[in-house]
Amino acid sequence: MHKRAFLRTLGGSTLGLLMGPDLVRRMEAVAPAALASDEPFWDAIRARYRLPTGFIQLESGYFSMQAQPVLEAFVGHARMLNAEASHYMRTVMTANKARVQARVAALAGCGPDELILTRNTTESLDTVISGHDWAAGDEAVMASHDYGAMLDHFRQMARRHGIVNRVVDVPLHPRSDDEVVAAYAAAIGPRTKLLMVCHVVNITGQVLPVRRIAEMARARGVAVLVDGAHAFAQLDYRIPDLGVDYYGASLHKWLGTPLGAGLLYVRKDRIRGLWPMFGDAGFADDDIRKLNHTGTHPCHTDLGIEDAIAFHETIGTARKEARLRWLQRYWTTRARAIPRVVLNTPAEPARTCAIANVAIDGMAPGVLATRLMDEHRIFTVAIDRPEAGVRGVRITPHLFTTTAELDALVAALRALAA
């Protein structure tokens, strides 16, 4: 069955109930900044999710649950695929995936010939890291706060090809963008080929000035690879506007797709220079599809991406970003005033997003995370990265998070700090 026909039969009625007319009218009448604190509106959005009852979910950064309309459509896709099996795979799978890819590219603001679907950010970025033509003595620049899987992959390139990795420390509370850009600039040398930078630092939630860093690096002939795992579908931007060469992201985080969905953007003039991770003679060297040899994979996940985009676009990226930033400030502003509580996230609103990292002086991150869960039924994740200067727990609310839940977090921090 063709995807469009399937939506009309199994999924169409569910997706048609994404938003009622009252919600739509409220969204259209109020600016995103004002809507961010409209609790009745966000309570109605919360009702589109099926939430756990035994604890408060404040660890949405790893995997954010799908909204119920998206989940129900995804289950329908799985049933359809199971019924059609090889017939679907051999008739419409390729065309459907191309359509979904084009939809993601439109959301990213790039052409469909510059983007492929992957399983996650790690796969996307490691495809680029492995795909470079490294020679002994070539250099790569990255930060101590970067995601461990990518740091490990750079280490593997050092062992395999003899490259030199320059790891920089980025201040947790920078005074200006210049200070952040300077940290990366100081590590660039004549043999630097690639610079990797987080758009949003996953352990602290700090938003880095990616465009400024890219301008600096490209002026020195250095390609820029961006870890956008926590930026895509949370912040309002278009990838090409950042001026970067490569961009990877996970879609099962802030876009709320089924698990196992990601993207890789490669600027068109950079495609030819990358080696595929898996050999594929079916595409030309300058065709981005050469990087996307996935074998047999769960294509019902691909179909679920369209439904997640429909839900996301119904709310709108600007409204989503405004709400998520407002939620973070709602609790961090009060937490900063509690004795012994330390925030590892900047206070300046423009440098932050939904994510923040909090610590209690003298308490190990693992102990804090355990006590928040055991004593207050608040689920977080411990972050213990002393090499990056970050020891605390990551707090990641989502659109379904209420102010009452964040009030409970602040009360728990106050009690534990005392």
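The values are calculated or read from the model by the stated rules, or taken from the named source; none is laboratory data. Given the structure is predicted, the values throughout are model-derived calculations rather than measurements. Positions of Cβ are backbone-derived with ideal geometry, glycine not excepted, and every protein chain shown enters the neighbour counts.
Selection of segment 121-164 for residues being touching a residue at least 40 places away in the same chain (Cβ under 8 Å) and at positive phi yields only Gly137. If you check Ser130 against the conditions, is it surrounded by 21 or more Cβ atoms within 10 Å (Cβ to Cβ), hydroxyl-bearing (Ser, Thr, Tyr) and within 24 Å of Phe232 (Cα to Cα)? Taking the combined requirement at face value, the residue does not satisfy it. Checked against (1) of a type in the set (Asp, Glu); (2) modelled with pLDDT of 95 or more; (3) out of contact with any strand residue (DSSP E or B) (no Cβ under 6 Å at 6 or more places or on another chain), Asp22 passes all but a single condition, namely (2).
A single member of Ile129, Ile116 is in contact with a His (Cβ under 7 Å, 6 or more places away or on another chain) and either farther than 19 Å from Leu225 by Cα or at pLDDT 95 or above (or both), and it is Ile129. Scanning segment 224-241 for residues that are among the charged types (D, E, K, R) and either in a strand (DSSP E or B) or at pLDDT below 95 (or both) gives a single hit, Asp227. Regarding Met216, is this residue touching a residue at least 12 places away in the same chain (Cβ under 8 Å), among the aliphatic types (A, V, I, L, M) and assigned to a strand (DSSP E or B)? So Met216 fails the test.
When the residues of segment 173-186 are filtered to those that are under 19 Å from Val342 (Cα atoms) and surrounded by fewer than 19 Cβ atoms within 10 Å (Cβ to Cβ), which remaining residue is nearest to the chain's Cα centre (by Cα)? Walk me through it before giving the result.
Step one: list which residues in segment 173-186 are under 19 Å from Val342 (Cα atoms), which gives 173-175.
With the extra rule that they be surrounded by fewer than 19 Cβ atoms within 10 Å (Cβ to Cβ), the set shrinks to 173, 175.
Values: His173: 22, Arg175: 25 Å.
Filtering first and then ranking leaves His173.
In this entry, Ala369 is excluded by the filter for residues that are modelled with pLDDT of 95 or more, part of a loop (DSSP other than H, G, I, E, B) and crowded, with 20+ Cβ neighbours inside 10 Å. Between Ala308, Ala354, the distinction of being closer than 29 Å to Pro209 by Cα, small (Gly, Ala, Ser) and not in a helix (DSSP H, G or I) belongs to Ala354 only. On the stretch given as segment 123-141, residues that are more than 18 Å from Pro190 (Cβ to Cβ) and among the hydrophobic types (A, V, I, L, M, F, W, C) total 3. If I filter segment 328-340 down to residues being in contact (Cβ under 8 Å) with a residue 60 or more places away in the chain, out of contact with any strand residue (DSSP E or B) (no Cβ under 6 Å at 6 or more places or on another chain) and surrounded by 14 or more Cβ atoms within 10 Å (Cβ to Cβ), which single residue comes out as farthest from Ala231 (Cα to Cα)? Ranking the candidates gives Ile338 first. The number of residues in segment 328-351 that are hydrophobic (A, V, I, L, M, F, W, C) and either outside any loop (DSSP other than H, G, I, E, B) or touching a Phe, Trp or Tyr at 6+ places or on another chain (Cβ under 7 Å) (or both) comes to 6. Residues in segment 372-392 that are outside any strand (DSSP E or B) and of a type in the set (A, V, I, L, M): Leu372, Met373, Ala388. Restricting attention to segment 38-69 and to residues that are in contact with a Lys or Arg (Cβ under 9 Å, 6 or more places away or on another chain) and in a helix (DSSP H, G or I), the residue that is farthest from Ala308 (Cα to Cα) turns out to be Pro40.
Candidates in segment 272-287 are the residues that are of a type in the set (A, V, I, L, M) and farther than 20 Å from Trp134 by Cβ; of these, the one that is surrounded by the fewest Cβ atoms within 10 Å (Cβ to Cβ) is Ala281.
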